[in-house]
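Right, one structure below, let's go through it.
The values are calculated or read from the model by the stated rules, or taken from the named source; none is laboratory data. Only a predicted model underlies this, so the values are computations on that prediction, with no experimental measurement involved. Cβ atoms come from the backbone with ideal geometry, glycine included; neighbour counts cover every protein chain shown.
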Amino acid sequence: MSVASVGVGALRTAFQMLFDAVKSVQEETTMFKHLLGDIKSTLNSLQPLIQEIEKYNSKEGLEYFTVQMEKGADLVQKCSKVGVWKKCKYTKKLHQLEKSLRRVFDELKLQGVRDARETLVSLRNIETAFSRIEKNLVMKSNQPETVQCSYAVPEPPSVTVGLDLPLRELKMKLLKDEKVSMLVLTAAGGCGKTTLAKKFCQDQEVKDTFKNNIFFVNVSKKPNLDLIVHELYQLKGFEPPAFQNEFMAVNWLQQFLKKARHNPLLFVLDDVWSGSESLLEKFDQFKFSNYKILVTSRFAFPRFGSPYHLALLNDEDAMALFHHSASSEDKSSYTSEDLSRKIMKRCKGWPLAIALVGRSLRGQPLEIWQKRVLEWSKGSSILDTDKDLLACLQSSLDALDKEKTMIKECFLDLGSFPEDQRIAAATLIDMWAELYGLEEEILTIANLHGLTTRSLANLVVTRREREADGYYTEDFVTQHHMLRELAIHQAIQDPIEQRKRLVINICGDNLPKWLTEQKYQASKARLLSISTDGAFSAKWPNMQVPEAEVLVLNFQTKNYALPQFVEKMDKLKVLIITNYGLSPAGLDNFELLCSLSNLKRIRLERISIPTISKVLKPLKSLQKISFFMCDIGQGFNNCSISISSAFPNLEEMNIDFCSDLIELPAKLCDLSKLKKLSITNCHKLSALPEGIGKLENLEMLRLRSCTELSNLPTSMKNLGKVKFLDISDCFGIKVLPKDIGEMSGLRKINMRQCSKLQELPPSVMDLEQLEEVVCDEQTKCLWESFLSCLNNGVEEDGKTTLAMKFCQDEEVKAALPEEIGKLENFEVLRLRSCTDLVRLPVSIENLTKLCCLDMYNFFGIKKLTEGIGNMSGLRKINMGQRSRLKEFPLSVWDLHEQFEEVIL
């Protein structure tokens, strides 16, 4: 490439700076040589386009490209000074730069810069046409106006419920916040997004602000910018122009927005689907204070800022909508309050479902209402009778095109779990690793985020920290039961023998007829899910599922036995057993698993481990086992065989929220092939066995939130392969092993909230591989005196520093304000893991609408306020891990009849 050919000018100067920097750094360093070569190749491709765009376009259009080039040059120059330990960080940045340059290249090609002369002529014609429009508008302003843009806004339904609060919040976010130019209003199909948008446009404050400059455009699945621009012409009362290509339409839109910026302007882009990001970018490229865009979509479009999630209807509003839908105009239709409540419980606040069910029952006799409720109680789906609702929900799945097939499959798998229950993210990680080859945990989490942004599920991340350490035991997924029914409805469309997923939900002992009568051949399902309730006691008939790779068993009884047919599931790779009862349950027939040569992963939730250990047999293929909320304290004391014989190839063990674990069984230290050991939220764990040093292949040791753990065994110095040590939230640890420096492989340590740790042993200076320390302000001070002695730092401005991440606590520290009682409309209050909170304000008893109080993991509170019984709306309370709270006030008994769920 000839330097002389680049010439001068703002864009060319920035381009030359970047090119020279890439060429120079590529010659100086070998660390990024290959990646810089890719960037250089992209720059070579850009060179002729840069020459032409600067020659034929205005300076205003070049600012973005110039800034990108300048930033790129700065980044490349920094790469010449980067140490090895920061290679990963800067590699990612260079990848982003290369992608950014490719986007510039694609953008310039798309805009047709090679035909710039012809485009300029078109632009001049467009500007001339727009000037004529402006003149015509001035002339028409002196005449009676025949077309007003606000007329294009459709009217909302005559009766709307539950939208007053969302409307106020929308106005607050979009109108009052000058930093917000675009707001995405998102929810699943049939939740009232379009209705709220219409109500927003017809609000008097909104109309006073934007007057006749409100444009309401239905975008739908296949957005067409030409049609949208045509509509803008029509709304202004003029004959729409004919655009030769989208480039001309884009430029007309840009001119329109520039001219309109002097008057308040509101665009409502309704029913925008995934894949329409480029359209939104065209509308959002101009930022001025009186230009606002409201987008309604099932997709959250996270790149455009925090969306507004439209909530479902509460019980009062849901009942009001149902009565309106079920009543005829003369109010003569019969509505039973008891049956109405049962129907509302089934619809769970979903507006479209409520409206459709209400209409279907309008004018019907009582027996028809009773029949509908009876059918639902026997397992019939609401989607079987309401085809419009099915079509609305089904369209979300249909929108997952071939590129999103994986996300669709993941959605359908969520129907394998009981209604209204949390689904542990760790469970899905195990399932999808074997079903779809998603070995990296982040791939499963990414798919869950994909479902969340599409309003098909909700991923709840509970940890305050945001570093991706690959452990998601506290994260979970929730899903509205309407979406769960959609997943199940989709799964049962094929004959039983042909289904990919065989989902069996059993009430009492009422087994499906096809199962008891054996009227089916062997199933080809890869996923088998069986859910039973607390009344189940039947004996399992024989089932033939030879292709099943994942078995999900959900139950609620105090004791449960594995079905006998499990021993013939030769291809089984994953076993998920979840007890949804209140206390750990006994598990029989565990010995059946010894015949399964492909079984790799087992997850047990709320299971009594002693019932298993007595019948242990070798599970030679097992690589991972997880215990969640299990009774495990004495679980391995009376094993029928040694642990090492039972799990000879085990590589990962997870023990989470096991409240009876006081000391880790020494026998677990015989698992010589173990690579990952995680023990989290076991608050009574006070000691680790000295034999832990025998786990010579261990690469990761996580001891998160084990609050009673006071010290670590000295034998940990033998764990030379451990790369990551996590002791975060271990408040009780006072000292680290003096020879911790012998853990030669340690690269990262997380020690935030180790509040009793007063000093570090001098041997930390020997941690030559240490790259990152995650800590808070208190533990940060402990490291400062060692930074200059560690050889693995990177030199910046003459100072040697270690990569440290400091995590600031954002939760409530010691007290809530007494004024909290004024929040009279509060419905949910979560104070999870506020470990320094010592009391609740007396005024909290005034929160009579509060239905959920979550105080999980609150060690500091010793007593509750005496008037807690006045909280008449309280339905659910979570007080798990309440180590200092020993008794409850008598007024709690005033709530016992209304409680639906109590977690202690």
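Selection over the stretch 417-460 of residues that are of a type in the set (S, T, N, Q) and modelled with pLDDT of 95 or more gives a count of 1. Under the condition of being touching a Ser or Thr at 6+ places or on another chain (Cβ under 7 Å), surrounded by fewer than 21 Cβ atoms within 10 Å (Cβ to Cβ) and closer than 13 Å to Val574 by Cα, the residues counted in the stretch 603-642 number 1. Within the set Thr405, Thr427, the sole residue that is over 30 Å from Lys221 (Cα atoms) and of a type outside the set (Gly, Ala, Ser) turns out to be Thr427. The set of residues from the stretch 165-192 being closer than 14 Å to Val206 by Cα and either touching an Asp or Glu at 6+ places or on another chain (Cβ under 8 Å) or among the hydroxyl-bearing types (Ser, Thr, Tyr) (or both) comprises Leu167, Lys171, Leu175.
Would you check if Gly720 is of a type outside the set (Asp, Glu), surrounded by fewer than 18 Cβ atoms within 10 Å (Cβ to Cβ) and not in a loop (DSSP other than H, G, I, E, B)? Judged against the criteria, Gly720 is not a match. Would the stretch 541-557 turn up any residue that is in contact (Cβ under 8 Å) with a residue 40 or more places away in the chain, in contact with a helix residue (DSSP H, G or I) (Cβ under 7 Å, 6 or more places away or on another chain) and not acidic (Asp, Glu)? Within the stretch 541-557 (the criterion being in contact (Cβ under 8 Å) with a residue 40 or more places away in the chain, in contact with a helix residue (DSSP H, G or I) (Cβ under 7 Å, 6 or more places away or on another chain) and not acidic (Asp, Glu)), the answer is yes, since at least one residue qualifies.
Scoring Glu60 on the criteria (1) at pLDDT below 75; (2) under 37 Å from the mean Cα position of the chain (by Cα) leaves a single failure, condition (2).
Identify, from the list Leu572, Leu604, the residue that is at pLDDT 95 or above and over 27 Å from Ser659 (Cβ atoms).
Going through Leu572, Leu604 in turn, just one is at pLDDT 95 or above and over 27 Å from Ser659 (Cβ atoms): Leu572.
Can Arg606 be described as at positive phi and not hydrophobic (A, V, I, L, M, F, W, C)? Yes.
Identification of helices (runs of 4 or more DSSP H) wholly contained in the stretch 214-322 with 3 or more residues that are at pLDDT below 75 yields 225-235, 246-260. Among the conditions (1) farther than 25 Å from Asn251 by Cα; (2) of a type outside the set (Phe, Trp, Tyr); (3) modelled with pLDDT of 80 or more, the only one that Val180 does not satisfy is (1). Of all residues in the stretch 859-895, those that are modelled with pLDDT under 70, within 34 Å of the chain's Cα centre (by Cα) and closer than 24 Å to Glu824 by Cα total 0. Do we have any residue at all in the stretch 539-558 that's surrounded by fewer than 16 Cβ atoms within 10 Å (Cβ to Cβ) and under 24 Å from Gln634 (Cβ atoms)? The answer is yes, given that some residue of the stretch 539-558 is surrounded by fewer than 16 Cβ atoms within 10 Å (Cβ to Cβ) and under 24 Å from Gln634 (Cβ atoms). Selection over the stretch 556-578 of residues that are out of contact with any Asp or Glu (no Cβ under 8 Å at 6 or more places or on another chain) and closer than 22 Å to Asp631 by Cβ gives a count of 3.
Residues that are aromatic (Phe, Trp, Tyr) and not assigned by TED's automatic domain parsing to the domain that holds Ile423: which strands (runs of 3 or more DSSP E) entirely in the stretch 588-657 hold 2 or more of them?
Values: elements: 601-605, 624-628, 652-656.
Per the criteria, 624-628.
Restricting Leu374, Leu361 to residues that are over 17 Å from the mean Cα position of the chain (by Cα), buried (at least 20 other Cβ atoms within 10 Å of the Cβ) and among the aliphatic types (A, V, I, L, M) narrows the list to Leu361. Scanning the stretch 516-540 for residues that are free of Cβ contacts under 8 Å to residues at least 12 places away in the same chain and among the acidic types (Asp, Glu) turns up just one, Glu517. Could you tell me whether any residue of the stretch 535-552 is within 21 Å of Met629 (Cα to Cα) and outside the structural domain of Thr427 (by TED's automatic domain parsing)? The answer is yes; a qualifying residue exists.
For the stretch 155-205, taking the residues that are basic (Lys, Arg) and in contact with a helix residue (DSSP H, G or I) (Cβ under 9 Å, 6 or more places away or on another chain), the one that is surrounded by the most Cβ atoms within 10 Å (Cβ to Cβ) is identified as Lys199.
Would you check if Leu397 is under 14 Å from His489 (Cβ atoms) and either among the charged types (D, E, K, R) or surrounded by 15 or more Cβ atoms within 10 Å (Cβ to Cβ) (or both)? Taking the combined requirement at face value, the residue satisfies it.
In this structure, Ser328 does satisfy being part of a loop (DSSP other than H, G, I, E, B) and at negative phi.
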